[in-house]
Amino acid sequence: MFYVVEIVEVIGIEPKDFGLALKDIAFKKLSSLYEGLVDEQLGYVISVLSVEVDEVSYMLPRDPNLYNRVKCKLLVYIPRVQEVVEGEVVELTDFGAFVRIGPLDALLHVSQILDDFVNFDKKNAVFVGSQTGWKLGVGDRVRARIVAVSLAGGKVGITTRQPYLGNLEWIEEQKRRERMPRAEKVPGR
């Protein structure tokens, strides 16, 4: 899930930057420090949204820099276990699919795709359910549940083996079946 978090930081301003606007210097320094950072507490830092710089600077003995307190707002993404997410399949491998959710690619292991035996068709680059015939390929939109998160390792695991999860086309088919009168339902599907 995306969040806006506020942090307080101290930045050092070098003598070569003394004539420049404090806010511009702070924004540039904080952007280079935080954007792209993966942190256990902050999550995936996407962007610095705003900065507020304390006008009073501090000096340290034998240090030519000036130091200012800065409050800044960051846009972050923190994947949470049990969270339902939507994303796009960006890569297929023998062992599963990688689904882009927010700023990262989560692993949808082959065992977590369907409650059906799944074959990987290398020639056509799709996973195919044996009984359902449902297919999953690059570019498909997927709704999934996060089942494992390791921010330190940069890994997120997801599953689509639950009702109303998976390829968005599968979900629509499940909804159509729910609306069908009982006599019209196809056995085994």
- Query: Using Cα atoms only, what is the angle between the long axis of helix 22-34 and the major principal axis of the chain, expressed in degrees (0 to 90) to the nearest 10?
  - Reply: 40 degrees
- Item | Stokes-Einstein D (µm²/s) once Rh is taken as the Kirkwood radius of the chain over alpha-carbon pairs, at 10 °C in 1.306 mPa s | 80 µm²/s
- Got the relative contact order for the chain handy, in percent, Cα pairs under 8 Å and 6 or more residues apart? 18 percent
- Item | Euclidean distance between Cα centres, the range 1-37 to the range 46-65, Å | 8 Å
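Under 20 °C and 1.002 mPa s, how fast does the range 2-77 diffuse according to Stokes-Einstein, given a Kirkwood radius computed over C-alpha pairs? Answer in µm²/s, whole number.
165 µm²/s
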- With charges set only on the Cβ (+1 for Lys and Arg, -1 for Asp and Glu), what does the dipole of the chain come to about its Cα centre, in debye to the nearest 20? 720 debye
- With respect to the cross-link table entries LYS28/LYS155; LYS135/LYS155; LYS73/LYS155, which display a Cα-Cα separation exceeding 27 Å? LYS28/LYS155
- Please find the FRET efficiency linking PHE117 to LEU49, where r is the Cβ-Cβ separation and R0 is fixed at 45 Å, and quote it to the nearest 0.05. 0.45
- Query: Hey, what angle do you get for helix 168-179 against the long axis of the chain, alpha-carbon based, 0 to 90 degrees rounded to 10?
  - Reply: 50 degrees
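We did not get these values from a lab; they are worked out from the coordinates using the rules stated. Everything quoted here is computed from the prediction, not taken from an experiment. Please note: Cβ atoms are built from the backbone with ideal geometry, for glycine as well, and neighbour counts cover all protein chains shown.
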